[in-house]
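Read the structure below first, then the notes.
The values are calculated or read from the model by the stated rules, or taken from the named source; none is laboratory data. All of these numbers come straight from a predicted model, not from anything done at the bench. A quick note on method: Cβ atoms are made from the backbone with ideal geometry, for glycine too, and the neighbour counts reach across all protein chains shown. Just the protein is used for accessible areas: all its heavy atoms, side chains included, with ligands, DNA and RNA removed. Shrake-Rupley method; radii C 1.70, N 1.55, O 1.52, S 1.80 Å.
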Amino acid sequence: MTSTAYSHHFSIQNLPYGVASSPAHAPQCATRLNNTVIFLGALQNVAFFGSVSDLPNNVFSENTLNAFAALPASVHEAVRNHLQSALQSGTNSLPSNTTAEVTVVTLHLPVSIGAFTDFSCSLNHVRNAGRAILNDPSPPPGFFHFPIGYAGRASTIVVSGTPITRPNGHFYDRTNPTPKTVIYGPSRALDYEMELGVVIGRPLGPGKGVNAKDAEGHVFGFVVLNDWSARDIQGLEMIPLGPLNGKAFKTTISPWIVTVEALTPFKAAGPKPQSSLPEHLQEEENFNYDITMSVEILHNTSDPAAHSTTIATSAAKSLFWSHRQMAAHLASSGCDLRTGDILGTGTVSGEEDGSYGCLLESTKGGKESVKLAGGAGERVYLLDGDVIRMSAFVGSEGSGLGFGECVGEVRAAR
């Protein structure tokens with residue numbers, strides 16, 4: 001069942017896109033206004049979008065958003081304007097067979113994802129993590145020259161609500177540190193990473209390249225992304241390569257894609273460059289969005305009045321590299337950008353306690369613990385049964401918009 005708690009995230013200024021089904025509707029493209037899901041395939045079947053030129057027939061009846069996302073930004077804008085105009089007085093004017101309450105709707109993975117590239121765009125995160133692991137906050141040598149990243153595993157990306165099975169892998173046995181012994185078993189250091197995911201819309205062919213200032217035309221929108229991480233498995237893999245199995249077991253994304261058009265009024269200045277950048281990575285001053293992100297641990301989940309503890313709240317406008325720069329850097333090698341590809345920003349973190357986007361930072365590399373509310377104990381890393389809930393919001397109450405929730409429950413290793 002989808003939560004109704006985020007109704008205020010889905011104002012008429014938002015109108016995100018997702019894929020939904022209900023007892024009366026096959027999986028199809030959809031949008032959401034408050035707690036009402038609007039089935040766009042059903043609307044298109046009654047000629048609702050007749051005045052929108054260049055919108056292909058039945059594009060919204062597909063069970064992914066890829067075909068629509070690949071269309072030019074002018075078509076996206078025309079659809080958005082048409083929906084906003086029709087919904088000024090709410091959803092009452094729509095045919096009854098085109099809407100459903102969110103509580104009876106199933107939300108699906110919104111796009112078919114061909115590739116996933118995870119970047120590390122937060123200077124705060126790399127400094128915090130370096131301090132926690134190596135006692136050295138110095139960023140990697142390439143950090144100020146380009147957005148560093150790695151190729152992830154697209155097939156393991158799942159939609160919010162999908163359970164997360166604790167991965168098995170190889171790691172050092174920390175219970176008997178002398179001599180160092182590599183063992184295989186369930187991860188003992190399972191973590192989350194609070195990120196934004198950038199969803200590619202209009203494709204870019206191989207060898208084409210694109211400048212950051214022009215890359216927005218290839219970005220469809222954004223999701224909240226939880227890049228689950230097994231720190232013990234990851235730590236052994238990354239000498240000298242990786243990460244591989246420490247991250248490739250699951251990545252969770254929120255079901256609603258918040259569009260570039262919706263976020264444009266909330267642009268914010270990002271950090272200034274600290275090196276001379278080539279033309280394709282040069283950006284405008286307001287290259288970020290003023291998005292506030294938060295992460296909670298829900299515990300005692302068998303109890304309907306389950307406790308939750310907000311572990312961190314952080315600002316995405318502090319990201320050192322923009323979504324456009326990520327796309328431009330990836331394409332600069334000759335790589336293509338395909339519709340549905342996802343680019344992760346890397347962990348969104350701040351500089352102080354309460355703003356760290358992962359437990360690795362919050363626990364100083366496992367040396368401290370995080371206290372949970374309601375006498376629910378402490379955490380260094382995640383326990384089976386823990387539920388991680390992330391969310392993001394931009395603007396102020398009444399005039400802002402949000403992403404809803406990105407949720408996953410940790411299950412025991414197989």
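The table below lists the values:
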read-out	value
Accessible area per residue in Å² at 1.4 Å probe, computed on the chain	41 Å²
Inter-centroid distance (Cα atoms) of segment 49-124 relative to segment 1-38, Å	10 Å
FRET efficiency, Ala26 to Asp214 (Cβ-Cβ, R0 41 Å, nearest 0.05)	0.65
Portion, in percent, of the accessible area of the chain that falls on carbon or sulfur, probe 1.4 Å	51 percent
Entry for Kirkwood radius over Cα pairs in Å (calculated from the structure that is shown) out of (i) 21.9; (ii) 25.3; (iii) 22.7	(i)
Restraint check, Lys247/Lys317; Lys272/Lys317; Lys213/Lys272, Cα-Cα greater than 20 Å	Lys247/Lys317
Length-normalised contact order for segment 7-108 - Cα pairs under 8 Å, 6+ apart - percent	35 percent
